[in-house]
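The values are calculated or read from the model by the stated rules, or taken from the named source; none is laboratory data. Note that this is a predicted model, so its numbers are computed, not measured. Every residue, glycine as well, gets a Cβ built from its backbone with ideal geometry; the counts of neighbours run over all protein chains shown. Just so you know, the surface numbers come from the protein's heavy atoms only, side chains and all, with ligands and any DNA or RNA stripped out. Shrake-Rupley method; radii C 1.70, N 1.55, O 1.52, S 1.80 Å.
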Amino acid sequence: MLTKASYTLADGTPLSDLVRVPTREVQMRALSDPEIYQLEMDRVFGKTWLLLGHESEVPNSGDFVVRDMGSDSVIVARAKDGNIHVSLNVCPHRGMRISTVDAGNTQIHKCIYHGWAFKPSGEFIGAPVEKECMHGKMMPKEELGLPQARVTLYGGIIFATWDLEGPSFEEFLGDAKWYFDTLFERSDKGLEVLGPPQRFIVRANWKAAGEQSAADGYHTLTLHRWLGEVGNYSKSGDGGSADLSPEMYGVEVSSPHGHALRCIDLGRKIKKLSGLDPAELTVDQKLEALPPPGMTREMLPQLRKHLSEEQLEVMVSMPPQVGGIFPNVLFAFVYIPQADGSVLGLTLLHAYVPKGPDQLEFVNWVLAEKDAPQELKDRMLMQSIQLFGTSGMVEQDDSDTWPHMTLAAKGARGRRSTLKYQAVYETGAPAGWPGPGIVNEGFTKDDTQWHWWLYWNELMNAKA
Amino acid sequence: MSAAQQVAENAPVIGNPIPVGAEVYNRVVGFLYQEATLLDTIRLKEWGATLAPDLVYTVPLRQTRPMSQQAQSVIRTVQHYHDNYRSIMGRIMRLTETRSAWAEDPPSRTRRMVSNVQVFATDRPDEFAVVSYLLLTRSRFDFPDMDVISGERNDLLRVDGEGFKLVRREVILDQAVLGTPNLAIFL
């Protein structure tokens, strides 16, 4: 259990005052204050498991990609023993960045400044002019390796943390793992990336994106209204209505660790595709009518090998479609209606990497099942690009919104305004809901995002 | 066959350069200038009318790679744009026929500077390969920062009456991490 420690910001405000628990408000200065940002780098990004990529990006010995853990650059490399290592990308000699590229393959990461060399595992190999012992005699070679983050693979996704003694990734996911397994641990061969991630800079605080990823369903109605006007949802539902609100009903799962999942009702889609009442269909019939995003009907028998009957029930009725892994990950496993009446599933992951109090880097990975046919992967990739990420018609509206929130949070009055999470579920889980966690049913509400902030608050105020 | 392979198979063979100032060269430059005007003045439906129905429109990712691996600095798997005629027309419809395309409403103020134009004949008498530089400035709201997008366009133009239709556009951007929050604008 984390213990509370008092910390006072430079203007005298206690750090613990930013999140007002009784009224479910957050002071907006949290979205712009450089002092808060600096604390976050240690207390949030130094303590949690962070998404760095997928192992299919580094399939061979020596393959590496350069990524970020909070404000630090790291080298993510596959060593000769097959394991993936995450090393701080800072030369222990004079602080030069060791890798200055985005990706490649090498067994020797050599600093271009003085030539100190390191293995993909981060171990120090040696310094030029060996006979002069240029690394000195004060520290043994074993102590001159690159600092190693703790690494875990989950469904092939690479997560790492600097908190070497903290909770395991499974403990970090907690009850939410039961749901995340239906996305990432459902098939024999698992997911793969369809290429390197898209990357672009948004002049916004990382939390503007982060708190939205904690299952903000409500914004879809207004910010993404075009989906019902001319987009993929305009001809679904009731006669081309622009009202997206029927898509906002379902189940939301939140977590004491800030993870969140929006489980959206599939009933109407299944009814449309099968012509039958979903209530009268078996789990297998529903899977057959609408396989999970990225899976083909041929792959369906794999599901039962990896998941329980209860998990399958959720997958065919209220599958997790969007949500987040605290602090800065969004997942989208969505069912996109197509012009021909069919449905195309997409599988994506984003990381919102902090790049200063008012800047984030949006990193977008497009995923597919390794076992899926190439033709399906091609269609998923093209549609993913058209709807999500850089030019994506959905997410271009999000990335244009977050900068305004960040600017507003700089105002002398604006910084004292509050973000409000006062639309509170009063329902609880649906009768017979088989999954664990904090579960609520109905129209999307603010609880999942509020729990995101509560965990942020807990980490920020924890004793170091 | 992947979409990238299909494009490669359908591409014409590039022939000789057409001299600067030649009649065809001038018509191509005129087309590019007119196109820049249509996009900068947000006459998107008129721009859409200059697109060929077999259009392929892509913007690859870039990666920072060593000098020895420059071919790998252009990524054509995941890309920033991967569109065809139908999807570009969908984007235009979103921007022009809804009141909620917020990423461009209010619209950016843009300038598309097109230069260094090289025109090549192809093995098809009615198609010309065009390489040009694009410098696009984008100003949004009252933000003091001007987003700058620079790159090289590789186009294929098909003769259409007195003008051309755009058949293929690939824009090789210069940034590995784009400095603009989205590509809600056309390049």
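Normalised by the number of residues in the range A:54-126, what is the relative contact order in percent for Cα pairs under 8 Å and 6+ residues apart?
27
Would you work out the relative contact order for chain A, in percent, from Cα pairs under 8 angstrom that are 6 or more residues apart?
22
At q = 0.14, 0.21 Å⁻¹, what is the base-10 log of I(q)/I(0) for the range A:311-464 according to the Debye formula with one equal point scatterer per Cα and no solvent? Please give it to two decimals.
For the requested q values the scattering log ratios are -0.97, -1.49.
With r defined as the distance between the Cβ atoms of residue A:21 and residue A:97 and R0 fixed at 30 Å, what FRET efficiency is calculated, to the nearest 0.05?
Step by step, r from the Cβ atoms, then E = 0.10.
Grab the alpha carbons of the range A:98-210, take their convex hull, and tell me the volume per residue in Å³.
193
Quick one: accessible surface of residue A:455, probe radius 1.4 Å, all protein chains present, in square angstrom to the nearest 10.
Its heavy atoms expose roughly 20 Å² to the probe.
Where nothing but the Cβ of Lys and Arg (+1) and of Asp and Glu (-1) is charged, how large is the charge dipole of the range A:1-91 around its Cα centre, in debye to the nearest 20?
Taking the Cα centre of the range A:1-91 as origin, the dipole is about 260 debye.
Other chains near B:72-83: what is the mean number of their Cβ atoms within 10 Å of each residue's Cβ?
Per-residue shielding by partner chains comes out at 6.
Using only helices, what value at 222 nm comes out for the protein assembly as shown when you add -39,500 (n - 2.57) per DSSP H run of length 4 or more and divide by the total residues, to the nearest 500 deg cm²/dmol?
-7000 deg cm²/dmol, from helical runs alone.
Sort A:376-383, A:318-325 by the packing proxy (mean of other Cβ within 10 Å over each peptide's residues), most packed first.
Top to bottom by mean Cβ count within 10 Å: A:318-325, A:376-383.
Rounded to the nearest 20 Debye, what is the dipole magnitude of the range A:65-154 about its Cα centre when Lys and Arg each give +1 and Asp and Glu each give -1 at the C-beta?
With Lys and Arg at +1 and Asp and Glu at -1, about 80 debye.
Any idea what log10 I(q)/I(0) is at q = 0.29 Å⁻¹ for the range B:38-107, Debye with uniform C-alpha scatterers and no solvent?
Rounded to two decimals, the profile gives -1.25.
Given the pairs A:47/A:445; A:410/A:463; A:110/A:355; A:80/A:463; A:80/A:141, which span a C-alpha to C-alpha distance of over 30 angstrom in this model?
Long pairs (Cα-Cα over 30 Å): A:80/A:463.
Residue A:142 versus residue A:245, label points 7 Å from Cα toward the beta carbon: distance in nm?
Between residue A:142 and residue A:245, the simple spin-label model gives 6.7 nm.
What is the Cα centroid distance between the range B:1-76 and the range A:36-78, reported in whole angstrom?
So the separation of the two Cα centres works out to 36 Å.
Leaving ligands, DNA and RNA out of it, report the carbon-plus-sulfur percent of the accessible area of chain A at a 1.4 Å probe.
Looking at chain A in its full context, I get 52 percent from C and S.
Between rounded, prolate and oblate, where does the range A:165-284 land on the alpha carbon gyration tensor, with a ≥ b ≥ c its root eigenvalues, rounded for a/c under 1.5, else prolate if a/b exceeds b/c?
Because a/c hits 1.5 or more and a/b fails to exceed b/c, the range A:165-284 counts as oblate.
Need one number: nm distance between label points at residue A:359 and residue B:20, each 7 Å from Cα along Cα→Cβ, rounded to one decimal.
3.6
At 0.36 nm per residue, minus the direct Cα-Cα distance, what do residue A:6 and residue A:35 gain on full extension? Give it in nm, one decimal, please.
Residue separation times 0.36 nm, minus the Cα-Cα distance, leaves 8.9 nm.
Which value does Rg/Rh take for the protein assembly as shown over its C-alpha atoms, Rh per Kirkwood?
In the protein assembly as shown, Rg relative to Rh is 0.97.
Can you give the mean number of other chain Cβ atoms that lie within 10 Å of the Cβ atoms in peptide A:394-406?
Averaged over the peptide's residues, the number is 4.
Determine how many Å³ per residue the convex hull of the Cα atoms of the range B:7-62 encloses.
149
Taking 0.36 nm per intervening residue step and subtracting the Cα-Cα distance, what contour gain separates residue A:279 from residue A:83 on full extension?
Roughly 65.9 nm would be gained on extension.
Students often forget the sequence filter, so: which lysines lie under 24 Å Cα-Cα from residue B:45 once same-chain residues fewer than 8 apart are removed?
A:235, B:165
Round to the nearest 10 and give me the degree value, 0 to 90, for the angle of helix A:374-387's Cα axis relative to the longest principal axis of chain A.
90
Taking each residue in B:142-151, count the Cβ atoms of any other chain within 10 Å of its Cβ, then average. What number comes out?
Average per residue, whole number: 1.
If R₀ is 60 angstrom, what is the calculated FRET efficiency for the pair residue A:108 and residue A:338, using the beta carbon separation as r and rounding to 0.05?
Computed FRET efficiency for residue A:108 and residue A:338 comes out at 0.80.
Under 4 °C and 1.567 mPa s, how fast does the range A:50-110 diffuse according to Stokes-Einstein, given a Kirkwood radius computed over C-alpha pairs? Answer in µm²/s, whole number.
111
Can you spot the aspartates and glutamates whose alpha carbon is less than 18 Å from residue A:305's alpha carbon? Ignore those fewer than 8 places along the same chain.
A:181, A:185, A:188, A:284, A:288, A:313, A:369, A:371
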